[in-house]
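Taking it in order: structure first as structure tokens, then the write-up.
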Amino acid sequence: MNAVGFLNYWFVVVLMMIGFYILIAQGNLVKKIIGLNIFQTSVFILYISMGKIEGATAPILNSNWSVYSNPLPHVLILTAIVVGVATSALGLSLVVRIHEAYGSVEEDQINEMDRSV
Amino acid sequence: MMSHLPVLQVIVPLLAAPLCALVRHGRTAWAIAVASSWVSLWMAWKIFQLVQADGAISYNLGGWPAPIGIEYKIDALSAFVLIIVTLVGAVVTPYALKSVGREVGTSREALFYAAFLLCLSGLLGIVVTGDMFNVFVFLEISSLSAYALIALGRDRRALTASYQYLIMGSVGATFIVIGIGMLYVMTGSLNMADLAILLPELPSNRTIPVAFAFLSVGVCLKLALFPLHMWLPNAYAYAPSAVTAFIASTATKVAIYMLLRFFFTVFGVHFSFSEMQLGIILLPLSLIAIFSMSLVAIFQTNVKRMLAYSSLAQIGYIILGISFFSNTGLTAGILHLFNHAIIKGSLFMALGCVMYRLNSVELENMRGLGKKMPLTMGAFMVGGFSLIGVPFTAGFVSKWYLIQGAIEKGLWPVALLILMTSLMAVVYIWRVVESVYFSEFDESQNDDCTEAPLGLLLPTWALALLCLYFGINATLTTSGASLAAANLLRIGS
Amino acid sequence: MLAVAALLVVRLKNLFTVAMVTGIYSLLSAAFFTLLDAVDVAFTEAAVGAGVSTVLMLGTLSLVGHQQKEHKTVQLVPLVIVTITGLLLMYGILDIPPFGESDNPIHHHETTVHYLEESGHETGMPNVVTSVLASYRGYDTMGETTVIFTAMVGVLLLMSGRKGKGSDCGEGDRNGR
Amino acid sequence: MEDNVILRVATKILTPYILLFALYVQFHGDYGPGGGFQAGVIFASGFVLYTLIYGLETARLVLPLRVASLCGALGVLIYAGVGIATMILGGEFLDYDYLNSHDAEHGQHLGILLVELGVLTTVFGVMVVIFYSFAGRREAK
């Protein structure tokens, strides 16, 4: 395979890993959710890249076109986007409750408070 | 009507959930939840019988034939897991009335049952589906509702536990999505049966093993296999009792089901165990899980937490059975899915009774409880003995198969280790026995402590009696499990 | 551009800025989706990623404060995990069918062919994405609707309890000893 | 923000157009990009704007939390209800062909329209509920 063929995917992997790093390395609970968002959005790019055909058009049937990009990844990702936003909404409401209960959204401070009781 | 059973199995609780949210009246919502969970159990039983008699059932959603639309496929294994999930659901919902009323508060009861039913239908959806992406969607339904349910615990640590579970769970789910994407890009299909045909035809490549790795890690995060178990102990320990009882005995089981489904049906036995050497990876991991988690359990002072660690060890036993990659080993694993579900269900429900009276499940507060709550502690002991694997209890049967599987493979040290870790279970259960039966009750602390109400006791004892019944007469469970195991191995070869 | 936005999120400590940058990231990826012919996805990503998520983020930040604590230590373990995962993915991608070519397996599987050739007269909708979403894989979409509903139930369960009520926030009750 | 005349008037003018655009997105989904989910989000964003400018109290008079959460539950019921209906009519779950006994294509059309409506209802209700919940937390603070 030529280099250009998968460089595109590799770039997406880099994005994914930045998101993943934010998710597991950052101590701030809100930022973790942001990391999750970036991680998931990058996975979406990966999927959509799979469906692309060079020189094709969006999969809306039209008599002027004959080559369409693959619609199935689009459908899957539409579902995944919705699932993602549902997860972040729930996660953020947990963060709000944690803030009310602990007065902090930093992981290390919360862990310390749990240890001291 | 009967031909629609596979989809109704999922749809009934799924429809009941918005109804619960609509009525907004705790009691009515509870009644809806009980009715739908019992209907689910009945349907699961019907499906189980059908599958035992005529083999796998397939159902095309939307009327579209298999790879184009989404297919529901129920084989012996799915039918067996359906029984586990619905059985626990049907026992926990009646139990929830008192327990949830006390621990969660009446104002949020209706929504609680909505979330509970969503969790139930999500788990059922994972089990019946034959489509990879559909697995992900229903996985998220069950996980999101589980996060919300766990966060309802009274202790503020329930919130952090739930948050941690959310993060780990979402990472797991995203890994699964990556894995599915890689399978999809190589084959163009999302249907499991279709994938099973297409994957072996592919020329040797580097993508499928990576997809395999991502799916395995993703699912292992969900099922809390050592070393990906960090989220579980706190989540179990601080969730409301009814939630712990339900989630502990179903969610990880369904995750193990997913693992089996991916390894055996999608990738095939040959790929999973010969090319990827899965047995060699899983065997040490499960042994470490069994040993270290049993050890940690011994030193817990919170009984709920102790049982959570013991759950991690039990998951190890199940994975151990799978890693033998033999008919007996697999039967043992699948059998233990069921037995562990009813054992842990009864134990956590007994603890819920204690929680109801004492507001605590700390070992020191439970001193002398054997005299105050003899029936509750009796149920706990039945579950506890079963967990250890005392003869004539359910736990004994699955351990028996497990040891047989180990000996068949010539793994004598493993068989010995199973016996040894059972002794460790004796130690931590004994700590409870000692505290409950051989110490004096502290009257000053809580003087109106009596037996738990009947609404809690009956469901607890129902599961405890099942633990005994399936220890004495195990034909039903073993035949179901061995049929499932045989099916899995045949599909692959 | 996307990478710049993502890296900014790692570095920045003011969470309001981070939330805005995340919104920009979503918007950029929406633009990218349009380039890749996924107009429906782009639309949704713009509405959800850049819209709803950002609003939710800002709403949360206004409740929990927006300054992140400084961390001095470099987090080594996560870095190792991330590197391994990333390298594994890159390794796996080596054998993925090349980007943008029309003879890749996914474009020739019977599902795709069926969707593109039959959906026009089977459902009578020119937008194939809509017909796959609502009909061929309508069950997934029902699951998706249920997921959203689950999120609502969850948020209501978590947020409807009155603030400061003992049993709700649980200021480390007796279990906490 | 509540006493800025320009914002208040602009919101009053904009809101109906936002809602109208949402309906356009909803029904144009067959021909172009769009559909129930996007429409639901846009519909909800109309209310979010309204809430931001006129305050939570006023917005709750227009659309009480209970009604919004009702919408959230109703949408799922509509969607699954279509499935049940097709089952009663003799098809499999969500097989829209059976919705119209003469013409399968019309049945599909009707089915897709109905389920998209279900999606719209749920997404709209859920988004509003989530926004209210977060905003309500702030006012309680």
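A few comments on the model shown:
- The simple spin-label model puts a point 7 Å past each Cα toward its Cβ; for D:Asp103 and D:Val9 those points are separated by 5.0 nm.
- Three-way shape call for the range C:40-93 based on the alpha-carbon gyration tensor, with the a/c threshold at 1.5: oblate
- Cα gyration tensor, the range A:1-82 - rounded (a/c under 1.5), prolate or oblate: oblate
- Computed over chain B, the per-residue total of -39500 (n - 2.57) for DSSP H runs of n ≥ 4 gives a 222 nm mean residue ellipticity of -26000 deg cm²/dmol, rounded to 500.
- Averaged over the residues of B:118-126, the number of partner chain Cβ atoms lying within 10 Å of the residue Cβ comes to 2.
- Mean partner shielding of peptide C:112-120, defined as the number of other chain Cβ atoms within 10 Å of each residue Cβ, is 5.
- Size of chain B as Cα extents on the principal axes (Å, biggest first): 73, 57, 41
- Computed over the protein assembly as shown, the quotient of the alpha carbon radius of gyration and 2.2 N^0.38 Å is 0.89.
- Tensor-based shape of the range C:1-87 (alpha-carbon gyration tensor, a/c under 1.5 rounded, otherwise prolate or oblate): oblate
- Nearest-ten-degree value, helix B:157-187 long axis tilted from longest Cα axis of chain B: 10 degrees
- Charge dipole of the range B:44-112 about the Cα centre (unit charges at C-beta), most positive-ward option of B:Val88, B:Gly63, B:Val51: B:Val88
- Sequence-distant lysines (8 or more away, or on other chains) whose Cα lies within less than 16 Å of C:Lys69: A:Lys31, A:Lys32, C:Lys13
- Each of the peptides A:64-77, D:33-46, B:407-420, B:428-441 was scored by the mean count of other Cβ atoms within 10 Å over its residues; in descending order, highest first, they stand as D:33-46, A:64-77, B:428-441, B:407-420.
- Alpha carbon Rg of the range B:248-324, scaled by the compact-globule rule 2.2 N^0.38 Å: 1.23
- Cα-based helix-to-principal-axis angle, B:278-298 vs chain B, degrees rounded to 10: 10 degrees
- Exercise: per-residue mean of other protein chain Cβ atoms within 10 Å, C:17-25: 3
- Span-rule helices in chain A, defined as complete DSSP H runs reaching 24 Å or more along the axis (Cα) with Kyte mean at least -1.0: A:3-25, A:29-51, A:71-102
- Residue exposure proxy: C:Thr44, B:Thr328, ordered by other Cβ atoms within 10 angstrom of their Cβ from fewest to most, comes out as B:Thr328, C:Thr44.
- Rule-of-thumb Rg ratio for the range D:5-140 [Cα; 2.2 N^0.38 Å; N residues]: 1.23
- Computed FRET value (nearest 0.05) for C:Asp103 with B:Ser58, which takes r as the C-beta separation and R₀ as 30 Å: 0.45
- Between the beta carbons of B:Thr301 and B:Leu423, assuming R0 = 30 Å, the FRET efficiency works out to 0.90 to the nearest 0.05.
- Residues B:Cys353, B:Cys449, B:Cys119 in ascending order of nearby Cβ atoms (within 10 Å, fewest first): B:Cys449, B:Cys353, B:Cys119.
- Mean Cβ count within 10 Å, highest first, over the residues of peptides B:471-482, B:285-296: B:285-296, B:471-482
- Cross-linked pairs B:Lys98/B:Lys253; B:Lys73/B:Lys399; B:Lys344/B:Lys372; B:Lys46/B:Lys73; B:Lys73/B:Lys253; B:Lys222/B:Lys344: Cα-Cα separations exceed 20 Å for B:Lys98/B:Lys253; B:Lys73/B:Lys399; B:Lys344/B:Lys372.
- Pairwise Cα distances in the range B:277-493 exceed 31 Å for 23 percent of all pairs.
- Between helix B:132-150 and chain B: long-axis angle, C-alpha atoms, 0 to 90°, nearest 10: 10 degrees
- Highest average first, the peptides D:101-113, B:162-174, A:7-19 ordered by how many other beta carbon atoms sit within 10 Å of their residues are B:162-174, A:7-19, D:101-113.
- Every helix of 4 or more DSSP H residues in chain A counts as -39500 (n - 2.57), and over all residues that averages to -26000 deg cm²/dmol at 222 nm.
- Debye intensity ratio I(q)/I(0), log10, the range A:37-100, q values 0.19 Å⁻¹ (C-alpha model): -0.76
The numbers here are math on the coordinates, done by the rules we state, and not lab data. All of these numbers come straight from a predicted model, not from anything done at the bench. Because the Cβ atoms are built from the backbone with ideal geometry, glycine has one as well, and the counts that use them run over all protein chains shown.
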